[in-house]
Amino acid sequence: MLPGILAGAGLLALLDAFLQIPVPAAGLGREYLLIVVAGTLSTAIIFWALSFAGTRLPKAGGFFQRRHQTSQGFWIGIAIGITPFCLYWLPPNASAYSPAMKAAVRLLWATPPLLVYFFAPRFFSRGAPTLSALKRIAGLAPLAWLIAFLIPAKDMTAETVRPHFAENMAASSRVVSKDSPDIILVSIDTLRADFEHDGRSTLPILSELADVGITSDYALSSSNQTVPAHVTMLTGLSAVQHGLRSNLEQPTESMPFLAKALQGAGWRTAGVISNALLASSFGFGAGFDVYDDSVVGSIGPADRFVAQAVPRTWAFMLLRPRPAKDFVRNWLGIQDQASRMPPGMGQVTWASAESYLSSIHQQRAPGFLFAHFMDPHDPYTPPMATAGKWFSMQGVEKKFQAHPLGGHDQLRMIQKDLSSSSVSALTLQSMRDLYDEEVFFLDGLLRQLVQKIETGKRPTALIITSDHGEHFGEWKKMLHSNSLQEALVRVPFVFVGLNGFSAPQKHLPYAVHLQDIVPTIFALAGLPQGGLKGRNILDGLWEDYPHFTRWTSHLAVRKGSWKLHARLDGEAAHSISLFDLIADPQEKNNQLSAAPKEAPLRELESLAKKFAEADALFERSSAENSAERMARLKELGYVD
C-alpha cells in the first residue's frame, strides 16, 4: 500500500504546487512546494501507518486488510492530495472562529480520504498503475522537494516607508478661522485608568495635565479590543451604531471618521500608529493627508503567504495553528511580534509624530494629529531607560520562567494557572511592574510632546486617552479581550488647552465616554455634530446617560452606578449578572437574582434588548483582506 499512497498523494501535491492557487504573490512557489509536498506526504505516511496498525488488530484486522492494498492505496493517496483543492472555498481563517469551527474544519479535511478508504474494496480496486510504475511515481515528489530545498530562497522582506507631509500637501480650498486651535489626540493602547496605584505614579505628566485641564475619574470604552474602541474614538459612533463586535471586523468606507470632516474643513491632518490593526489598509487612514503605519511594518508577500496559503495545506492541519505558522514565519524570516514591537517602540512613534507636528506648525491652517502608542501592550518589554525601576525577577515563580519574560506565552500560562490553581501575588505584581515600566517610559515621550507644543506657540487642544485596559489577575484573568470587567472598560482621559487655548480646569462628575471625543472636537472646530449622540464636554451641560460596551456576543450596559452583563442572541439579550459599582467595584457580588429596589434592572434590560434588536439589523461580512488581518491578529495574540 505504501508505494501506492505515496504515488497518489505525491502526484496531487506536485499539481497543487504547480498551480499555486492559494499563493497570494509570485516568488513563493519554492516555499509552497516545500510545505505542500512535506505536509501531503506526511499525511499519506500517517494514513498508511494507521491502516497498517489496523491490520494487526485481532478482530477488526480483516476490515483493514481488505483496504491495505497497493492499488487501493493509490486512490487513497489521490484523495489525500485532492482534499486541498476541494476545500479552497473555506476562508483561510475559518478554524479561528471558534473551537467548534476548528473541529468542523478538521473533519472536512479528513472526509475525502476516509470516504475513499471506506469504499476502497468496492470502487477503488482497479485502475491504478503497476507496482513498478507506482514506485517510480512515488519518488517524483520527494525528488522535487529535495531540488526545491537546495534552491536558495529569495529575500521577501517587506519594505516600510514613512510618508512625508510636505510632499502630500495640497493647498486648502477652505478658510479656517484663525482662532481655531491645533488638535492633538493621543491614544495609548492598553492603558488602564489606574495608572496611579499603590502609591506609584507611572504617568506623572498625565496627573500634571489633569490638574490644569478637564478630566474625570476614568473614561469608558466601547470595547475590550483595539478596533471597535478606536472606531468609537475616531468616529463618535457608539458600539450599537458602528456594530463592530471584535478585532475580526473592520470599519466600512462610509463611516464618518473625524479626520474626513476636519480635512474637508481645511485642517491639515496627520496620523501615526503603532498597532497594525489600525493600518490605513484596514480603513483607518481615511481623511488623513499623511498616515504613517510604517512603524509596525507593511504586510508583505511573506505575511500574506503565511495567512492565506499555509492554512490550505495538510502541514497546517497536522499541527496546531500557532506552531505551524510560527515555524513558517521563522523559516521565511518574517518578523515576529517581539521584533515588530521592540522595547521602547514609542520612541519611533514619537519621532514620526514630532516630524508631522513640525510640518503642521509651519502651516497657516490648523492641524489635527492622531498619535497612537503601543508600548503598554504585551509583550511587556520595557526599554533600558525604565527597565528595573520596579520589576524584580525574584517575584516570578520558577514555573513561569521558562517562557520569555512578559511575553504572550508566559501571560497565557499565568492565566491558565489562575483558572485552575493558584498564582502568587508576587508573580502578578511582577507582571504589573513590567507593564508599569513600559507606561513610565511613555511619560518621557508625552513630556516631549507637551514641550514641542509649547515651543510651537500655537493654540492647541490636547486629548490623551486609551482604547481599553488590561487584566492583572482580576476575575482570574490576564491580558484583555476576555471580559467586560472594569479593569478593561475603564481608561484614562485628560483634555488640556495649551498656548493660550482656554480649557477650564474641572473634574467632571461623570465618566467620559469615548464617543464624547469627536463631538467635543467638532465643537472646537466649529463643525456640526452630524447627529452624533456623544456629549461635548466643553459646553457645561452635563448629565449621565447609558453606556454600552460590547465584545462579540457579550454586552455590558451601565446607568449610573449599576452595570448589567448580558449575552446577545439574535434580537434577544439574556441577563447574566448585575453589579452596583459603587458598593462593589470589583464586580464580585451578583445581585441579579435579588436586585434591590433602587437598581434600575428593568431599564437596563430594556436597553440591552434595544441594543440586541438594533444589532440584529447589521449585515456583516468578513473583510476582503481578512487574511492580512488574521496575520496581524495572530501576531498580537488575539487568535490562535
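What follows is calculated from the coordinates using simple rules that are stated; it is not laboratory data. Small disclaimer: the values here were computed from a predicted structure and weren't measured. Note that we place each Cβ from the backbone using ideal geometry, even for glycine, and neighbour counts take in every protein chain shown.
Side notes on the structure shown:
- Region 47-118: trypsin sites (Lys or Arg not before Pro) in DSSP coil with no more than 11 other Cβ atoms inside 10 Å: ARG56, LYS59
- Local electrostatic count, ARG122, Cβ distance below 13 Å [Lys/Arg +1, Asp/Glu -1]: +3
- Inter-centroid distance (Cα atoms) of region 475-495 relative to region 397-437, Å: 18
- Region 179-257 shape via C-alpha gyration tensor axes, a/c threshold 1.5: oblate
- Each helix, a run of at least 4 DSSP H residues, gives -39500 (n - 2.57); summed and divided by the residues of the chain, these come to -13000 deg cm²/dmol at 222 nm.
- In the calculated pair-distance distribution of region 358-482, the portion above 25 angstrom amounts to 38 percent of the Cα-Cα pairs.
- Distance from region 549-598 to region 222-264 (C-alpha centre basis), Å: 24
- Across region 356-372, rounded Karplus estimates of 3J(HN,Hα) from the backbone phi angles (6.51 cos²θ - 1.76 cosθ + 1.60, θ = phi - 60°) give 5, 5, 4, 5, 4, 5, 8, 9, 6, 6, x, x, 10, 10, 10, 10, 10 Hz, Gly and Pro being marked x.
- 3J(HN,Hα) along region 225-237, derived from phi through the Karplus expression 6.51 cos²θ - 1.76 cosθ + 1.60 where θ = phi - 60°, amounts to 10, 5, 5, x, 5, 6, 4, 4, 4, 9, 10, x, 8 Hz, with x in place of Gly and Pro.
- The reciprocal of the average 1/r between distinct C-alpha atoms defines the Kirkwood hydrodynamic radius, which for region 396-546 equals 18.5 Å.
- Positive-end residue of VAL296, LEU12, ALA612, charge dipole of the chain with Cβ unit charges: LEU12
- 3J(HN,Hα) along region 439-449, derived from phi through the Karplus expression 6.51 cos²θ - 1.76 cosθ + 1.60 where θ = phi - 60°, amounts to 5, 4, 4, 5, 4, x, 5, 5, 5, 5, 4 Hz, with x in place of Gly and Pro.
- For the chain, share of DSSP beta bridges that run antiparallel, in % to the nearest 5: 60
- Sequence-distant residues sharing a close amide H with HIS480 (under 5 Å, placed H): HIS471
- Between amide H atoms placed 1.01 Å from N, distances below 5 Å from GLU249 occur with no residue 5 or more places distant or on a separate chain.
- Angstrom value of the Kirkwood radius, inverse mean 1/r, which spans all Cα pairs in region 447-529: 15.2
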